[in-house]
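The values are calculated or read from the model by the stated rules, or taken from the named source; none is laboratory data. As the structure is a computational prediction, the values presented were derived from the model and not from experiment. Cβ: placed from backbone, ideal geometry, glycine included. Neighbour counts: every protein chain shown. Note: accessible area is taken over every heavy atom of the protein model, side chains too, but ligands, DNA and RNA are not part of it. Shrake-Rupley method; radii C 1.70, N 1.55, O 1.52, S 1.80 Å.
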Amino acid sequence: FKGVAFYLLNEDDADLTLTLCQPQEFSAYFERQVDELVEDRTFAWALARNKPVIVSATAPLPDAEQEESAPAIDIDGERPQLLLHVINSASETRGMFVGVLGEEKKHILDISYSLLSILLMSSANALENLEHTQRMERINTELSENVDRLCESEKALLEHRDHLEEEVVHRTKDLAREREFLAAVLDTAGALVLVLDPEGHIVRFNRASERVTGYTQDEVLGKTVQELFILEENREEISGLIQQLASGSGPVLHENIWQARDGAKRLISWSHFALFDNGHPDRPLSYVIATGIDIT
């Protein structure tokens, strides 16, 4: 390629944004060409195909004497050919790759086009995995902060239990609001969130978990994930994870298969962390917080 550009979809408004251009001097040229390709629906046609599409540019690359900011490329006055290739991950369309061919199409081996398809899909999957990881980290941070706030509220309530009844009522309302806030966070989170006691029994099961498994919270409370969702050959692994967290190990990451009510098997990527009595790892384990993303 004489030059390449990566256009990624903006999740908020579905617009295509020029995210990377090499060499940088080509950016203005790519923006003009892509605007025209979007206008005549060529871009939309290329997005619907999962293979390279080669089209002629609407104009030759500008000569340096005609436009001072343009790259000086000798193309013998012919219109260059553009290669368009959708950037797809395993689950969604992420954008479009645009390249100016550096030689005639007939001189490029078919295996080169196949390799490009593989590279772009691998890149899209890597980008998606990064976003999942960042999303999980944000969820863990928010959940940990809210759990800390709840613990502090409960501690404050115990310290003031001998105060006037009005103060007790006031703090009880505060605690109720904290619990409602935490419940809202859990139920609106896009990730699966479970709270387990030290023996592995479920004490909290959010709506995302209900959607993935087909079970309601009332049906699973007091039961273990091993008896409900884990394949028999993987059940010892869960007990080992809880023991590892009880020993004071930090967040534990792993993936496993969950079996839903209808028999469907879902691959879940989990992050576990432990809550200890009074927040000290040398005290007994109180709860295990598990957050997961369905990556089936």
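Of all the criteria given as (1) open to solvent by 80 Å² or more (accessible area, probe 1.4 Å); (2) at pLDDT below 90, the one not satisfied by Phe43 is (1). Test Arg283 against the stated conditions and say whether it is more than 28 Å from the chain's Cα centre (by Cα), in a loop (DSSP other than H, G, I, E, B) and not small (Gly, Ala, Ser). Yes: the conditions hold for Arg283.
On the stretch given as the range 223-244, residues that are aliphatic (A, V, I, L, M) and open to solvent by 30 Å² or more (accessible area, probe 1.4 Å) total 2.
Residue under question is Ile242, and the condition is that it be aliphatic (A, V, I, L, M), part of a helix (DSSP H, G or I) and out of contact with any Lys or Arg (no Cβ under 6 Å at 6 or more places or on another chain); does it hold? When the stated conditions are applied, Ile242 passes them.
Taken over the range 203-227, the criterion of being aliphatic (A, V, I, L, M) and farther than 19 Å from Ser269 by Cβ is satisfied by Val203, Val220, Leu221. Of the set (1) free of Cβ contacts under 8 Å to residues at least 24 places away in the same chain; (2) touching a helix residue (DSSP H, G or I) at 6+ places or on another chain (Cβ under 9 Å), all apply to Glu233 but (2).
Here the condition is being at pLDDT below 85 and open to solvent by 70 Å² or more (accessible area, probe 1.4 Å); of Arg179, Arg135, it holds for Arg179 alone. Taking first residues from the range 273-287 that are farther than 13 Å from Gln244 by Cα and of a type outside the set (A, V, I, L, M, F, W, C) and partners that are modelled with pLDDT under 80 and open to solvent by 90 Å² or more (accessible area, probe 1.4 Å), the Cβ contacts under 8 Å between residues at least 6 apart in sequence or on separate chains come to Asp277/Arg283. Could you tell me whether the range 246-259 includes any residue that is under 18 Å from Ser144 (Cβ atoms) and either open to solvent by 50 Å² or more (accessible area, probe 1.4 Å) or touching a residue at least 60 places away in the same chain (Cβ under 8 Å) (or both)? Yes: the range 246-259 contains one or more residues that are under 18 Å from Ser144 (Cβ atoms) and either open to solvent by 50 Å² or more (accessible area, probe 1.4 Å) or touching a residue at least 60 places away in the same chain (Cβ under 8 Å) (or both).
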